[in-house]
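Structure first, commentary second.
The values are calculated or read from the model by the stated rules, or taken from the named source; none is laboratory data. Computed from a predicted structure; not experimentally measured. Cβ sites come from the backbone with ideal geometry, for glycine too, and all protein chains shown count toward neighbours. Accessible surface areas use protein heavy atoms only, side chains included; no ligands, DNA or RNA. Shrake-Rupley method; radii C 1.70, N 1.55, O 1.52, S 1.80 Å.
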Amino acid sequence: MPITSLVIKKLYPIVKLLLARVEKSEKNSKLQNLTALSFLELTNAIVECGLPKFRAKQIWSWVWRHGVTDFQDMNNIAKPVRAELAKHFVITRPGISRRQQSSDGTLKWLIRLGDGQEAETVYIPEKDRGTLCISSQVGCTLTCSFCHTGTQRLVRNLSVDEICGQLLLAMDELGDWPSGNSSRRLTNVVLMGMGEPLFNYDNVAQAIKIIMSGDGVAISKRRITLSTSGIVPGIARCGEELGINLAISLHAVTDTLRNDLVPINKKYNLKTLIDSVRNYPGLSNARRVTWEYVMLDGVNDSPEDAKALIKLISGIPSKINLIPFNPWPGSQYNTSRPDKIERFADIVLKAGYPSPVRTPRGSDILAACGQLKSESVRLRAPERA
Ligand code: SAH
Ligand code: SF4
């Protein structure tokens, strides 16, 4: 057989497979992903397809309680109806480009989005719970000087299904279906991954409402925390519309230093920020706001800083998370010495505020706070060269 025929014969099945994949993904991209829809939107969408309203409850339960991704598995729905649903909808999750496990049990998934972009999701197991850290954007438009995510060039908001998809994907991987079972491994959610969640408020809010839904994954608002660099108008909306826990990335106690570390402070200064937190609905000693404070050697870690911090948040039910700075390639800061962190924690604790020092989790796989995305950037570096 001539060599060209041989090559064609060998390549034909591969090309056919690739074409089939492209065709399938093109077809899927035209169909609506059910994981982007609220219950009301789902109901409207199926009524538009000529199906009765009551089907919405069944479908919702299959998607959000049982984690089903194929209409054929919805066995309380007649076969012709399943086929009809498959003509209009899909149930998809983001792909996984890479999964890593840290020596401390932390899991990190580099997820692949429909347009080829990537984001990261981290699962942190603890003794009595398991927390999923979700990204809200690819990269971040803000440029906090100690954060690696802020150096990303490419930025876009994640869609509702991309945000919910991170949770669905983690539940698949952790074997957490059906949702709500007493041995669930994923019990808490924090919006502390890549991006500023309050700059993607609408999608984040819709995703959180879906995640909280009692007929679905049912993670209560007390187990969901949103972390923000201080987007004041978004803080009020988050409190009124979602009622979830709030974490503020404070990191400095004077405007001069905070302008430098968290530049959005130039728009919403410390006074405006603290006032908005003071008015956050539902704060009590049982439900405190978390102030995140990254410990930067010689920058913000003196006893005077600790005393000024206490004064600043006085009267607000608070807990302070002291985060030893997680270095990344090219960062300009060093981590505070352990004795300085202890001294700082002690002053804050004596003033009546719990001040846990956060042990970095998953730092061997660059999954700790502020390290997200660095690994994928490193991996892609040869492509950019
Ligand atoms: N954009 C949001 C949420 C994501 S950042 C925010 O800023 O709150 C999650 C937390 O990690 C924030 O408190 C952030 O300030 C902190 N962080 C960022 N870079 C860090 C680093 N290198 N070391 C330690 N914490 C960091
Ligand atoms: Fe963005 Fe938060 Fe990083 Fe600041 S700390 S650059 S807001 S992700």
> Quick one: length gained pulling D260 to N334 fully straight, 0.36 nm per residue minus the C-alpha distance?
Replying inline: 25.0 nm
> Over the alpha carbons of the range 131-179, what is the largest minus smallest coordinate on each principal axis, giving the biggest first in Å?
Replying inline: 41, 21, 11
>> As a quick test, which of the pairs K307/K350; K266/K307; K127/K340; K209/K266; K271/K307; K57/K209 have an alpha carbon distance above 20 angstrom in this structure?
In response: K266/K307; K127/K340; K209/K266
>> Pairs of alpha-carbon atoms within less than 8 angstrom and 6+ residues apart define the contacts here; what relative contact order does the range 38-86 have, in percent?
In response: 23 percent
>> With θ taken as phi - 60° and the coefficients 6.51, -1.76 and 1.60, list the Karplus ³J(HN,Hα) couplings across the range 347-353 in order, rounded to whole Hz; mark glycine and proline as x.
In response: 4, 5, 5, 4, 7, x, 10
> Rank T335, T141 by accessible area, highest first, at a 1.4 Å probe radius?
Replying inline: T141, T335
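How high is the FRET efficiency from E173 to E41, r the C-beta distance, R0 25 Å, rounded to 0.05?
Computed FRET efficiency for E173 and E41: 0.40.
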> Got the relative contact order for the chain handy, in percent, Cα pairs under 8 Å and 6 or more residues apart?
Replying inline: 14 percent
> Tell me, what does the Kirkwood hydrodynamic radius of the range 88-199 come to in angstroms if you use every pair of distinct C-alpha atoms?
Replying inline: 14.7 Å
>> Taking a ≥ b ≥ c as the square roots of the Cα gyration tensor eigenvalues, with a/c under 1.5 meaning rounded and otherwise prolate when a/b beats b/c, else oblate, which class fits the range 141-215?
In response: prolate
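Counting only protein heavy atoms, what percent of the accessible surface of the chain is carbon or sulfur at a 1.4 Å probe?
Of the solvent-accessible surface of the chain, carbon and sulfur hold 54 percent.
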>> With unit charges on the beta carbons (Lys and Arg positive, Asp and Glu negative) and the dipole taken about the Cα centre of the range 130-214, which residue among N188, C144, P178 sits farthest to the positive side?
In response: C144
>> Before I look further, what does the range 32-78 give for accessible area per residue, probe 1.4 Å, in whole square angstrom?
In response: 49 Å²
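Out of the trypsin sites (Lys or Arg not before Pro) in the range 24-129, which ones are loop residues according to DSSP with at most 10 other C-beta atoms within 10 Å?
K53, K127
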> What's the FRET efficiency of A308 with R237 using the Cβ-Cβ distance as r and R₀ = 30 Å, to the nearest 0.05?
Replying inline: 0.55
> Binned at 10 Å from 0, what are the whole-percent values of the Cα-Cα distance distribution for the range 26-149, short to long?
Replying inline: 11, 32, 28, 21, 7, 1
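How big is the charge dipole of the chain about its Cα centre, in debye rounded to the nearest 20, if each Lys and Arg gets +1 on its Cβ and each Asp and Glu gets -1 on its Cβ?
600 debye
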> Could you give P(r) for the range 121-271, binned at 10 Å from zero, as whole percent values over all Cα-Cα pairs?
Replying inline: 11, 40, 33, 13, 2, 0
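For the range 214-338, what relative contact order do you get, as a whole percent, if you take Cα pairs closer than 8 Å and at least 6 residues apart?
24 percent
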> Can you give the convex hull volume per residue for the Cα atoms of the chain, as a whole number of Å³?
Replying inline: 173 Å³
>> Please give the charge dipole size of the range 88-213, origin at the Cα centre, charges +1 on K and R Cβ atoms and -1 on D and E Cβ atoms. Round to the nearest 20 debye.
In response: 120 debye
> Just the Cα atoms of the range 225-373, one point each, no solvent: what log10 I(q)/I(0) does Debye give at q = 0.13, 0.14 Å⁻¹?
Replying inline: -0.57, -0.67
